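Colleague: Structure below; questions to follow.
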Amino acid sequence: EPEVTQTPSHQVTQMGQEVILRCVPISNHLYFYWYRQILGQKVEFLVSFYNNEISEKSEIFDDQFSVERPDGSNFTLKIRSTKLEDSAMYFCASSEQAQVLTFGAGSRLTVL
Amino acid sequence: AQSVTQLGSHVSVSEGALVLLRCNYSSSVPPYLFWYVQYPNQGLQLLLKYTSAATLVKGINGFEAEFKKSETSFHLTKPSAHMSDAAEYFCAVSESGAAGNKLTFGGGTRVLVKP
């Protein structure tokens, strides 16, 4: 069964460092998303991406965050200068049409 | 704005007993509704979805959910719990837009299954 692949599974970084989380969506999917889950809290929407541009973003997705689809297969989330409160599990998801999302296993980010 | 409320952050059931997880939503337009399951150290896996077809939706692993518009509910049930059902369950709502599908999640319900 096709799946969304995320790397790394766990990253530890120092506050202020840049982090790039990578995702390989399902190949025929057109919509891409990032969500995050801070430990013990709800899964929160960050951003959606369609047709090579951001289609919607949440209040969380400030100037420290950016997304990119550098080639035909990868979808990345960059955090320019990490803060302690960025520590969370980050989930990538993709969908063929605007209905059912398939999520990856997540990338756990720990900011020290 | 849409929102989801899951009643009970933790539920404990005996193996073989009924599992009932409650979800209420609010949405300004007809919603799409979903249940996802998260096993320890894993991602979110779709259990089932409601997208304006039949109101009783059957999903994987013996789970089903019923959409009740009058009650704005989408409760998840399984007649007989299995040890492997121990996980966290998330209800989610979306309003399908032209450029994708943003999900709003509930707070999750962690299910413990006792032998």
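The values are calculated or read from the model by the stated rules, or taken from the named source; none is laboratory data. For clarity, every value in this text was computed on a predicted model and none was experimentally measured. Neighbour counts run over all protein chains shown; Cβ positions are idealised from the backbone, glycine included. Protein only, heavy atoms only, side chains kept; ligands, DNA and RNA dropped before computing areas. Shrake-Rupley method; radii C 1.70, N 1.55, O 1.52, S 1.80 Å.
Colleague: Amide H to amide H under 5 Å from residue A:87: which residues, 5+ apart in sequence or cross-chain, H placed 1.01 Å off N in plane?
Modeller: Long-range HN contacts for residue A:87: A:111.
Colleague: Once each part is reduced to its C-alpha centroid, what is the distance from region A:1-30 to region B:9-38 in angstrom?
Modeller: 28
Colleague: Another question about this same structure. At 7 Å along Cα-to-Cβ for each site, give me the label-to-label distance between residue A:59 and residue B:55 in nm.
Modeller: 3.5
Colleague: For chain B, I need the span (max minus min coordinate) of the C-alpha atoms along each principal axis, in Å, sorted largest to smallest.
Modeller: Taking max minus min along each principal axis of the Cα atoms, chain B gives 46, 30, 22 Å.
Colleague: For chain B, which whole-number percentage of the solvent-accessible area (1.4 Å probe, protein heavy atoms only) is attributable to carbon and sulfur atoms?
Modeller: That fraction is 53 percent.
Colleague: Now for a different question. What distance in nm lies between label points placed 7 Å from Cα along the C-beta direction at residue B:5 and residue A:76?
Modeller: It works out to 4.3 nm between the two label points.
Colleague: Tell me the Rg and the Dmax, in Å, that the Cα atoms of region A:37-97 produce.
Modeller: Gyration radius and largest Cα-Cα distance of region A:37-97: 12.2, 35 Å.
Colleague: Provide the net charge surrounding residue B:37, with neighbours chosen by a C-beta distance below 12 Å and charges set as Lys +1, Arg +1, Asp -1, Glu -1.
Modeller: 0
Colleague: Rounded to the nearest 0.05, what FRET efficiency is calculated for residue B:114 and residue B:42 with R0 set to 22 Å and r the Cβ-Cβ distance?
Modeller: 0.50
Colleague: How big is the A-B contact in terms of buried accessible area, both chains counted, 1.4 Å probe, rounded to the nearest 100 Å²?
Modeller: Heavy-atom accessible area buried at this interface is about 1700 Å².
Colleague: Follow-up question, since we're still on this one. What accessible surface, in Å², does a 1.4 Å probe find on residue B:10, ignoring ligands, DNA and RNA and rounding to the nearest 10?
Modeller: The accessible area comes out at roughly 130 Å².
Colleague: In bins 10 Å wide, starting from 0, what share of all Cα pairs of the protein assembly as shown does each bin hold, as a percent?
Modeller: 8, 33, 35, 19, 5, 0
Colleague: Report the charge-dipole magnitude of region B:1-91 in Debye, nearest 20, computed about the Cα centre from +1 at each Lys and Arg Cβ and -1 at each Asp and Glu Cβ.
Modeller: About 240 debye.
Colleague: Which whole-number percentage describes the relative contact order of chain A, with Cα contacts under 8 Å and a sequence gap of 6 or more?
Modeller: Result for chain A is 39 percent.
Colleague: Of the cross-linked pairs A:83/B:58; B:68/B:102; B:58/B:102; B:78/B:102; B:58/B:114; A:83/B:78, which ones have a Cα-Cα span greater than 31 Å in the structure shown?
Modeller: Pairs exceeding the cut-off: A:83/B:58; A:83/B:78.
Colleague: Mind checking Rg over Rh on chain A, alpha carbons, Kirkwood formula for Rh?
Modeller: Rounded to two decimals, Rg/Rh equals 0.94.
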